[in-house]
Amino acid sequence: MKKIKCILAAAIITTFLFESGRKADAQDMIRITTPMVPPEWALLERQVLESSNIAISDFYNHFLDENGTYLHVARWGALDGTDDVIEISKLWTILYSLGASDKVMELYHKSLEGALRQYAAVKTTSTDVAKYGSYYREFMPMSDFMHQGEGIQGLMFQGLCEPDNLLMRQRYKRFAGFYLNEDSDALNYDPVHKIIRSFWTGSRGPMLREGNAYDWGGDLTEGKFNMLHHSDAITTMRDYAKEYPGIISQFYFFPQSAAGDHPLNLCATQLALNAYMLDHEKKYLDWLLEYANTWKERAELNKGNFPANVGLDGITGHGVADKWYFDKKSEKGKWYMGTYGWNFSYYHWANMINHENNIFWGIWPGMANAYMLTGDPSYVSALRKQVDNLYENKKTINGVEMIPRNYGIHIDRDQPRKFNVFDVKDKKLFVPDGKGVEGWYNWTTNMLIPELLDIYLLSMDRKDLERISKNDWISFLEGNNPNFPVESLRNQLGFIRKQMTNMQYETSTPDTRLADWAIEFNPATNAGELVRLMMGVNLTGRIWSMHARVRYFDPEKYRAGLPEDVAALVTKMDGGVTNVSLVNINQVKSRKVIIQTGAFGEHQCLSVKIGDKEYPVNNRSFEVQLDPGAGTELIISAKRYANQPSWSFPW
C-alpha cells in the first residue's frame, strides 16, 4: 500500500491512501482520513432514512395484514383499482437502494406479492377486460400505460436492490415479452408498422374493439367511501352506488383511443430496458430503439409535436374511435385526438371541466431510455422541440406568462382561460356550431419546469437552463442557495411526521377503503427529494429509469445503498463532472462505500480528485474508505453514457 501525504492547510495534514487493484477487475480504493464535524445535512439525511424505516413499518401494519394483503374493498376501475393497490409501496425499493433497512425490502416483497395475489382474484362482469382476474400473469390484462406505469413503479426499481432475484428476473423478461410478441396471448406489437396495436394493452393482448365506459369504470360497488377523485374526497364519504351513474357518464368519451398506437405506449420501453439490463440480450435493445425511433420520426414529420394517435395502418391520425366527446363521428387525420391526448378535455362527474394531456408520461421515458442506451442527443432534441412548440405559443394573461397544454377543437372566446373554451350540455362538453376553432387552448402557469429539468440533466447543455428560473435545487448546484439541502431534509422529516400523524387519526375501516386511500398516507411519497440530493437526479412520478450521476453500495454487507453512518450529497454538476460531499458520522468506526457513476454504471468514471490529488479510476465505480469521523468532497470526472447500463452490482 502506498501512502500519499497531501498538505491541505498550514496546520492540517491529511493522509489519503490509494490502493491499486490487486487484479484487473478489482475496485480501486481511496482512503479518507480528513476529520469532518458531521454537517447538519448529513445528520438529517441519516435521520430521514431511519425515520422512513420506522414509518414504512407502521404504515404497513396499519393498512396491510401479515400476508401482505391490503385491507380494503378490491375492485377493477381506473379511478380506484388495480394500479393503486400496488402503488402504495412504489418508492420503497428506491429508499432501500439509498440505504433504508432490510425490513423495508421485506415489507415491499410482502405488499407486492399480496397485491398480485389479491387482485388476481378480482374479476369483472360488466366488462370482459378482467374476466380472468385484474392481474393476469402478474400484469394488468389490459389498460393504458398511465395506469400500468403507476402500478408497477416499485417493481421497475426492484432491480436496483436485488438484481439476482430470480422471480424479479422472470417477471422483467415476461413483461417485456408481452411487447416482443413472445406470448401468444399477448401479441401487442405489429413489427411491420412498428406500432403497439392499441391504447389498451397488457398480458391478454391489445384491445382491438371499441372501448366503453365500463372498461374504465368497472362494476357497480356497494358501500360508502372517501372517493379521492372527487373535490371533497378527504372530508366526505360518498355512496358508491349513488355516484356510479355519474362515474360511468364521465367515462362515456374516454374510449376515444382504442385500436392503434398512442405515445403513452412509449412507457413499454421501460419494460424492454429492464429486461435488457439483466443480461444485455440484444433483442430487447433492438426492439426499444426501433420503437423509440419510430415515434421520434413521427414527431419530426408533425413539426415536432408527438401525435396522440396512430392507426393500425401505421398512419398518424387514424387511431381514434368513431365516438368522441362532441358526439360527432371523428375525422381521420387529426394528430391531436385521443384519450389523454392533446385534445383530451371532459366533464368530470364532480361537475367540473377537466383538461388532461398525459402525452409527456410516455415520450419522456421513451426518448430518455433510448438516450441512455445510445448517448444520441437527437432523442433529447425531440423532447426539447416539443417544449419549444408550447413556448412558441406563450401568452401573457393578466400580467402572467402562460403556455398552452392542449390542442384541438374548442370555442374561441378571445379569453384563453382554462375552463372557458367549452359549453356544457347534458354533462358533456359542447361546441354550439359543432365545429369550433382548431388550435391551442388551456393556457396555464405550469411552465413544465420538471420536464425542462429533465432535458437539462440529460443534455447538460447550459442553454437548457435558460427557461428554468427560481428552482431551489438548481440554485444550490450553481452555488447560490447553500441552505437548500438542510431545508429540504427538514421538510422531508416534517412530511413523514405529517403522514404518520394523519394516519394515526384516520378512521377508515377495511370495508370503507378503496384501493387508492392508503396512498394518501404513504410516508415514502416524498422520497424523490432524497434521491435528488444523494444521486443528482430529478425523479418524477413518471415511470422511467433514473438518469443519476452517482449511486452507492455497501461492500461489507454486499447490498445497495449507503452503509450505516455514511451520508452523501451531490453539491455540483457540470458536464461530466460531479462533486459529492461524503462523510462518516461515526466517530469510532470506519466505513467503506462503493460509488458508481450512474444508477446503472452507464457512465465511465475517469478519475477522482480530492484536494490537489487526482486518482485515475477508468471504471464504472471506485471504493472509498472513510476513517472514523472523516469526510471530504470528491470531484468525480466521468464520460457520460459510455457504458451499456446494467443492474449488476460492482462486485
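Please enumerate the residues belonging to segment 361-401 that are basic (Lys, Arg) and assigned to a helix (DSSP H, G or I).
Restricting attention to segment 361-401, the residues satisfying the condition of being basic (Lys, Arg) are 384-385, 394-395.
Result: 384, 385.
Quick one: residue 490 ticks every box in (1) touching a Ser or Thr at 6+ places or on another chain (Cβ under 9 Å); (2) in contact (Cβ under 8 Å) with a residue 60 or more places away in the chain; (3) part of a helix (DSSP H, G or I) bar one, so which box is it?
(1)
Test each condition in (1) buried (at least 18 other Cβ atoms within 10 Å of the Cβ); (2) more than 23 Å from the chain's Cα centre (by Cα); (3) not aromatic (Phe, Trp, Tyr) for residue 485 and report the one that comes out false.
Result: residue 485 fails condition (2) only.
Could you tell me how many of the residues in segment 242-257 are under 19 Å from residue 334 (Cβ atoms) and among the hydrophobic types (A, V, I, L, M, F, W, C)? Can you show your working first?
Of all residues in segment 242-257, those under 19 Å from residue 334 (Cβ atoms) come to 253-257.
In the following step, the residues that additionally are among the hydrophobic types (A, V, I, L, M, F, W, C) were identified as 253-254.
Matching residues across segment 242-257 total 2.
Which of the numbered conditions does residue 588 fail, given that it passes all the others? Conditions: (1) part of a strand (DSSP E or B); (2) more than 27 Å from residue 483 (Cα to Cα); (3) out of contact with any Cys (no Cβ under 6 Å at 6 or more places or on another chain).
In the conditions (1) part of a strand (DSSP E or B); (2) more than 27 Å from residue 483 (Cα to Cα); (3) out of contact with any Cys (no Cβ under 6 Å at 6 or more places or on another chain), residue 588 misses (1) alone.
Okay, residues lined up against (1) under 24 Å from residue 436 (Cβ atoms); (2) outside the structural domain of residue 602 (by TED's automatic domain parsing); (3) buried (at least 16 other Cβ atoms within 10 Å of the Cβ); (4) touching a Lys or Arg at 6+ places or on another chain (Cβ under 7 Å):
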site	(1), (2), (3), (4)
338	yes, yes, yes, no
344	yes, yes, yes, no
351	yes, yes, no, no
358	yes, yes, yes, no
372	no, yes, yes, no
377	no, yes, no, no
402	yes, yes, yes, yes
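Report those helices (runs of 4 or more DSSP H) wholly inside segment 130-223 carrying at least 1 residues which are under 20 Å from residue 281 (Cβ atoms). Full working, then the answer.
Values: elements: 145-151, 153-156, 166-177, 213-217.
Result: 153-156, 166-177.
When both residues are 6+ apart or on different chains and their Cβ atoms are under 6 Å apart, which pairs have a first residue that lies in segment 144-169 and is of a type in the set (Gly, Ala, Ser), and a second that is in a loop (DSSP other than H, G, I, E, B)?
Sorted first by the residue in segment 144-169, then by its partner, the pairs are 149/543; 154/89; 154/90; 159/647.
How about segment 622-651: which of its residues are assigned to a loop (DSSP other than H, G, I, E, B) and more than 21 Å from residue 547 (Cα to Cα)? Don't jump to the end; show me each part of the working.
Going through segment 622-651, the residues assigned to a loop (DSSP other than H, G, I, E, B) turn out to be 627-629, 640-651.
Of everything in segment 622-651, those that are assigned to a loop (DSSP other than H, G, I, E, B) and more than 21 Å from residue 547 (Cα to Cα) turn out to be 627, 628, 629, 651.
If a residue has to be part of a loop (DSSP other than H, G, I, E, B) and in contact (Cβ under 8 Å) with a residue 60 or more places away in the chain to count, how many in segment 598-621 make the cut?
Here is the first cut: in segment 598-621, the residues part of a loop (DSSP other than H, G, I, E, B) are 598-603, 611-612, 620.
Now narrow it down to the ones that are in contact (Cβ under 8 Å) with a residue 60 or more places away in the chain: 599-600, 602, 611-612.
Looking only at that region, the number is 5.
Could you say which residue among 253, 199, 175 is crowded, with 24+ Cβ neighbours inside 10 Å, within 22 Å of residue 360 (Cβ to Cβ), under 28 Å from the mean Cα position of the chain (by Cα) and among the aromatic types (Phe, Trp, Tyr)?
Values: 253 fails: crowded, with 24+ Cβ neighbours inside 10 Å; 175 fails: within 22 Å of residue 360 (Cβ to Cβ).
Answer to the check: 199.
Residues are listed down the side, and each one gets a yes or a no for (1) closer than 23 Å to residue 150 by Cβ; (2) more than 23 Å from the chain's Cα centre (by Cα):
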{"residue": "474", "(1), (2)": "no, no"}
{"residue": "479", "(1), (2)": "no, yes"}
{"residue": "500", "(1), (2)": "no, yes"}
{"residue": "503", "(1), (2)": "yes, yes"}
{"residue": "506", "(1), (2)": "yes, yes"}
{"residue": "519", "(1), (2)": "yes, no"}
{"residue": "527", "(1), (2)": "yes, no"}
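Quick one: which of 115, 78 is of a type in the set (Gly, Ala, Ser), touching a helix residue (DSSP H, G or I) at 6+ places or on another chain (Cβ under 9 Å), over 30 Å from residue 594 (Cα atoms) and touching a residue at least 60 places away in the same chain (Cβ under 8 Å)?
Of the residues listed, the single one that is of a type in the set (Gly, Ala, Ser), touching a helix residue (DSSP H, G or I) at 6+ places or on another chain (Cβ under 9 Å), over 30 Å from residue 594 (Cα atoms) and touching a residue at least 60 places away in the same chain (Cβ under 8 Å) is 78.
Residue by residue, here is whether (1) part of a loop (DSSP other than H, G, I, E, B); (2) modelled with pLDDT of 95 or more holds:
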| position | (1), (2) |
| --- | --- |
| 4 | no, no |
| 14 | no, no |
| 23 | yes, no |
| 31 | no, yes |
| 56 | no, yes |
| 61 | no, yes |
| 93 | no, yes |
| 109 | no, yes |
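From (1) within 18 Å of residue 599 (Cβ to Cβ); (2) modelled with pLDDT under 95; (3) out of contact with any Gly (no Cβ under 6 Å at 6 or more places or on another chain), pick out the condition that doesn't hold for residue 519.
If we test residue 519 against (1) within 18 Å of residue 599 (Cβ to Cβ); (2) modelled with pLDDT under 95; (3) out of contact with any Gly (no Cβ under 6 Å at 6 or more places or on another chain), just (1) comes out false.
Please go through segment 259-290 and give me each residue that is touching a Lys or Arg at 6+ places or on another chain (Cβ under 7 Å) and either buried (at least 24 other Cβ atoms within 10 Å of the Cβ) or without any contact (Cβ under 8 Å) to a residue 24 or more places away in the chain (or both), ordered by number.
Correct list: 275 only.
Determine, yes or no, whether residue 567 is more than 23 Å from the chain's Cα centre (by Cα), closer than 26 Å to residue 366 by Cα and either without any contact (Cβ under 8 Å) to a residue 24 or more places away in the chain or assigned to a strand (DSSP E or B) (or both).
No: the conditions fail for residue 567.
Are any of the residues in segment 581-590 farther than 21 Å from residue 94 by Cα, in contact (Cβ under 8 Å) with a residue 60 or more places away in the chain and out of contact with any strand residue (DSSP E or B) (no Cβ under 6 Å at 6 or more places or on another chain)?
For segment 581-590, residues farther than 21 Å from residue 94 by Cα, in contact (Cβ under 8 Å) with a residue 60 or more places away in the chain and out of contact with any strand residue (DSSP E or B) (no Cβ under 6 Å at 6 or more places or on another chain): present.
Can you pull out the residues in segment 102-143 that are among the polar types (S, T, N, Q) and more than 26 Å from the chain's Cα centre (by Cα)?
Just the residues of segment 102-143 that are among the polar types (S, T, N, Q), to begin with: 111, 118, 124-127, 134, 143.
If the condition is that a residue be among the polar types (S, T, N, Q) and more than 26 Å from the chain's Cα centre (by Cα), then 124, 125, 126, 127 are the ones that fit.
Report the residue count in segment 334-388 for those that are more than 19 Å from the chain's Cα centre (by Cα) and within 21 Å of residue 231 (Cα to Cα).
Of the residues in that region, 12 qualify.
The values are calculated or read from the model by the stated rules, or taken from the named source; none is laboratory data. Fair warning: this is a prediction, and the values are worked out from it, not measured in the lab. Cβ atoms come from the backbone with ideal geometry, glycine included; neighbour counts cover every protein chain shown.
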